[in-house]
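Colleague: The following block contains the structure, expressed as structure tokens.
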Amino acid sequence: MTVPTLPALTDALTRQWTRLERWLEPLGDDLLGTAAQPSVLPGWTRGELVSHLGRCMGSLTAAVPQPAGTRPVTLSEYVGGYKASAEHIATTTRELDERIAGNRLAEVSRLVSEALAHLRTLGEDDEAVVLGNRAPLRLRDLVVTRLIELVVHADDVARSFADVAATRGADDPVDRGALALVADELCGIVRARGGWNLEVADARLWVRLAAGRVPYDVDELAVALRTSFTADSVPDLGNVLPLV
């Protein structure tokens, strides 16, 4: 598998946001009157889910270049810290949603635009190290984490607004290229943790399993992933998933 460069990942991040933003625009700030309704994320409203898109990109806006020689954590280590921050993420997302509810889509777009603009100032060096929310990591890996966020939440949006999408014939808000990149990066985390020779067979299903969006099931996993060697079988990853 070819490892995507920072410019390629930045392009994918921009494409994913553009697609998702266009999908959301016709809903308006109150999301066609459904902002207070539950999303597919337990305890989160549809409005909070959309507002979180702006919040999650803030890690890019806050990224600060680190001195040469700074040792970064790995992508796997950084992603592994998400669970410990879940309550803080939910609280700050709700606070943001309350502040921007009357101008939700414009404010989210502004926050994302600021993040992408700051990203462009950080250069295109794959090995550059920046300070993320919890630890220093390569800028390339920080962009991967934001791409994971946008792809996973674009899929959350599609499922949360399935009723709305059906009535207006909306396209999929998930960019296929971005989805493929995220699926490969998440598979890479599993390979790094367990040493398994695994490849992605069904990107959407694998991302949902890796992100805990569908219940873990070994049969579903065997559809989502395949081994590099036909004689091997897909391992039980019940103790590894979800990754985020």
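Colleague: Name the single residue, out of those in segment 119-134 being charged (D, E, K, R) and touching a helix residue (DSSP H, G or I) at 6+ places or on another chain (Cβ under 6 Å), that is surrounded by the most Cβ atoms within 10 Å (Cβ to Cβ).
Modeller: For segment 119-134, the residue satisfying everything is Asp126.
Colleague: Another question about this same structure. Check Ala162 against each of (1) small (Gly, Ala, Ser); (2) modelled with pLDDT of 95 or more; (3) out of contact with any Lys or Arg (no Cβ under 8 Å at 6 or more places or on another chain) and name the one condition it does not meet.
Modeller: (2) is the only condition that Ala162 fails.
Colleague: While we're here: If I filter segment 7-32 down to residues being assigned to a helix (DSSP H, G or I) and touching a Gly at 6+ places or on another chain (Cβ under 8 Å), which single residue comes out as most open to solvent (accessible area, probe 1.4 Å)?
Modeller: Looking at the filtered set, the residue picked out is Arg15.
Colleague: What about Ser85, is it of a type in the set (Ser, Thr, Tyr) and buried (at least 16 other Cβ atoms within 10 Å of the Cβ)?
Modeller: no
Colleague: Then there is this: If Gly238 meets every condition in (1) out of contact with any Asp or Glu (no Cβ under 9 Å at 6 or more places or on another chain); (2) free of Cβ contacts under 8 Å to residues at least 60 places away in the same chain; (3) assigned to a helix (DSSP H, G or I) apart from one, which number is that one?
Modeller: Condition not satisfied by Gly238: (3).
Colleague: So, one more: I want to confirm something. Restricting to segment 170-194 and keeping residues that are open to solvent by 60 Å² or more (accessible area, probe 1.4 Å) and either outside any helix (DSSP H, G or I) or at pLDDT 95 or above (or both), which single residue is farthest from Val240 (Cα to Cα)?
Modeller: Checked segment 170-194; the qualifying residue farthest from Val240 (Cα to Cα) is Asp171.
Colleague: Given the conditions (1) among the small types (Gly, Ala, Ser); (2) open to solvent by 50 Å² or more (accessible area, probe 1.4 Å); (3) at pLDDT 95 or above, which single one is not true for Ser228?
Modeller: Of everything listed in (1) among the small types (Gly, Ala, Ser); (2) open to solvent by 50 Å² or more (accessible area, probe 1.4 Å); (3) at pLDDT 95 or above, Ser228 misses just condition (3).
The values are calculated or read from the model by the stated rules, or taken from the named source; none is laboratory data. Treat the numbers as computed from the prediction; the structure is a model and nothing was measured. Backbone-built Cβ (ideal geometry, glycine too); neighbour counts: all protein chains shown. Heavy atoms of the whole protein, side chains included, go into the accessibility calculation; ligands, DNA and RNA do not. Shrake-Rupley method; radii C 1.70, N 1.55, O 1.52, S 1.80 Å.
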